[in-house]
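Engineer: Starting off with a structure, shown below.
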Amino acid sequence: MEIYNIIEKARKSGKIKKGTNEVTKAIERQEAKLVVVAKDINPQEVVQHIPILCKEKKIPLAYVDSKEKLGRAAGVSSAASIAVIIEGDAKADVERIAKESK
């Protein structure tokens, strides 16, 4: 539940990108502070490049169990992936997750 709360906080007070295409661009431009991917995406090929890009660019990556819950936290019905661009009030949480993912 914590990741969803961080996404919601970042959406309300900072800036996020929704959707795999936008997230991929944010990673490649190194704008993303944190990337979150839903595990229940089908087919997995849609998001399988994201972990590789995150590792390459040294961007923290987190997984959540539900694309519907991730979408709700991001203000849409469903989302395969989300990138936090500006953390806003979620800055401390994003930094903590970044440390944990190293």
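Engineer: Under 18 Å from a point 7 Å along the Cα-to-Cβ line of LYS15: which residues of segment 48-84 have their amide N that close?
Structural biologist: Once the point is set 7 Å along Cα→Cβ of LYS15, 74-75, 82-84 turn out to lie under 18 Å by backbone N, inside segment 48-84.
Engineer: Cβ neighbours within 10 Å, averaged per peptide: list 82-89, 39-46 in order, most packed at the top.
Structural biologist: Numbers: 82-89: 21.5, 39-46: 11.5.
Per-residue Cβ counts within 10 Å, averaged per peptide and sorted highest first, yield 82-89, 39-46.
Engineer: Quick one: pull the percentage of alpha-carbon pairs in segment 37-86 with a separation above 13 Å.
Structural biologist: Details: 684 of 1225 pairs.
Every Cα pair in segment 37-86 considered, those over 13 Å come to 56 percent.
Engineer: Further question: Put one equal scatterer on each alpha carbon of segment 1-44, apply the Debye formula with no solvent term, and list log10 I(q)/I(0) at q = 0.25, 0.29 1/Å to two decimals.
Structural biologist: For segment 1-44 at q = 0.25, 0.29 Å⁻¹, log10 I(q)/I(0) is -1.01, -1.15.
Engineer: Between ALA80 and residues 5 or more places away or on another chain, which pairs have amide H atoms under 5 Å apart, with H built 1.01 Å from N, and which residues are they?
Structural biologist: Under 5 Å from the amide H of ALA80 lie the amide H atoms of GLY19, THR20, each far enough along the sequence or on another chain.
Engineer: Okay, moving on. Let me check against my output: what whole-number percent is the relative contact order of segment 23-102, with C-alpha pairs under 8 Å and at least 6 apart?
Structural biologist: Details: 120 pairs, mean separation 30.6, N = 80.
In percent, rounded to a whole number, it is 38.
Engineer: While we're looking at this one, here's another question. Calculate the translational D of segment 2-100 in whole µm² s⁻¹ from Stokes-Einstein, where the hydrodynamic radius comes from the Kirkwood formula applied to all Cα pairs, the temperature is 25 °C and the viscosity 0.890 mPa s. Show your work: numbers first, answer last.
Structural biologist: On the way: Rh = 12.8 Å.
Approximately 192 µm²/s, per Stokes-Einstein.
Engineer: Determine the distance separating the Cα centre of segment 1-57 from the Cα centre of segment 64-88; give it in Å without decimals.
Structural biologist: Cα centres, segment 1-57 to segment 64-88: 8 Å.
Every number in this text was worked out from the coordinates using simple rules, so none of it is lab data. Bear in mind that the values here come from a model prediction, so they are computed numbers and not experimental data. In this analysis, Cβ positions are derived from the backbone assuming ideal geometry, glycine residues included, and neighbour counts consider all displayed protein chains.
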